[in-house]
Structure formats: C-alpha cells, structure tokens
Amino acid sequence: MFIKSGLQRRKEIKAARLNKAKRSEVDVYSDVVPQGALLADTEVLRERNPLERLPNFYVDRHFICKDCESHEIWTAKQQKWWYEVARGSIASKAIRCRSCRFKEKRRKDEARRVHLEGVARKHYK
Ligand SMILES: [Zn+2]
C-alpha cells in the first residue's frame with residue numbers, strides 16, 4: 001500500500017487551492033456568498049475606507065509574486081486579517097510571496113540602518 005507523505009499531501013492541497021483561486025472570478029460585491037467564502041465586516045472596513053466600495057466577503061485569490069514570479073494564494077483568511085485587523089487599505093493587495101516579503105523587509109531594514117549610520121556620522125564627527 002502506498003501512503004503519501006505529509007509533504008506530498010500538502011503540495012497537492014496547495015495545488016488544488018491554487019487552481020481554484022485561479023479560476024474564481026467571483027463578484028465580491030454580490031449579496032450571494034459562495035461556499036467557502038469568509039464574510040467581511042463592513043463596519044470595520046468602513047472606518048478605514050470611508051469612501052470606497054466594500055466587498056461583502058473574501059475568497060482565496062491567486063497572484064504572481066512581483067519578485068520571484070511564483071504562483072501564490074492570498075487566502076480569504078489572510079485578506080480578512082489584512083483589511084480588518086492590520087487595517088490595510090481596501091485598495092491594497094498581496095504582491096509578494098512570503099519569502100520575498102521577508103527579503104524585502106530585510107532589504108528595507110538594511111537600507112534604513114545604512115542611512116541612519118550616515119546621518120549619525122554627519123552629526124557626530
Ligand atoms: Zn516571491
């Protein structure tokens with residue numbers, strides 16, 4: 001009997017989810033909430049986005065990482081967190097995969113450190 005490894009299984013689940021996200025052209029402004037969608041808290045969204053049109057729900061979204069071009073899923077759960085907990089603008093979207101996001105953060109932190117060192121040198125010579 002062949003037993004799939006956990007890793008293999010996880011890869012399959014990810015691939016299936018990705019395919020589903022690629023196919024979905026869901027109208028998030030619709031009142032008809034598809035199965036598996038996460039309801040949006042429009043009251044919370046409204047505070048951060050007073051004038052924008054707000055979605056009624058979130059569904060998994062497919063996107064291609066800006067830096068490494070890998071195919072990724074921005075899950076409904078991650079979107080809800082981003083817009084409602086982190087209070088990201090409703091106009092903002094995921095553009096980088098997880099590892100490129102960390103890389104970009106390290107690059108920015110490093111640029112900031114170099115900049116601050118330069119400023120310090122100028123003032124405390
Ligand atoms: Zn990437």
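Size descriptors for the chain: radius of gyration and Dmax over Cα atoms are 19.7, 73 Å. Spin-label point model (7 Å from Cα, Cβ direction): what's the LYS66 to GLU25 distance in nm? Taking the simple label geometry, LYS66 and GLU25 are separated by 2.6 nm. Ignoring lysines fewer than eight residues from LYS4 along the same chain, the ones with Cα atoms less than 18 angstrom from its Cα are LYS14. Expressed as a whole percent, the accessible area of the chain that falls on carbon and sulfur atoms is 55 (1.4 Å probe). Ordering 94-102, 76-84, 55-63, 42-50 by mean Cβ neighbour count within 10 Å, with the highest value first, yields 55-63, 76-84, 94-102, 42-50. Where only DSSP H runs of four or more residues are counted, the chain gives -14500 deg cm²/dmol as its mean residue ellipticity at 222 nm, each run worth -39500 (n - 2.57). Relative to the longest principal axis of the Cα atoms of the chain, the long axis of helix 6-23 lies at roughly 80 degrees. The label-point distance for ASP41 and LYS108, in a model that sets each label 7 Å from Cα toward Cβ, rounds to 2.4 nm. Listed by chain and number, the aspartates and glutamates whose C-alpha is less than 14 Å from the C-alpha of LYS66, apart from same-chain residues fewer than 8 away, are GLU104.
The values are calculated or read from the model by the stated rules, or taken from the named source; none is laboratory data. Predicted model, so just to flag it, every value in this text is computed and none were measured. Quick reminder, even Gly has a Cβ in these numbers, built from the backbone with ideal geometry, and neighbours come from all protein chains shown. Note: areas computed on protein heavy atoms with side chains; ligands, DNA, RNA excluded. Shrake-Rupley method; radii C 1.70, N 1.55, O 1.52, S 1.80 Å.
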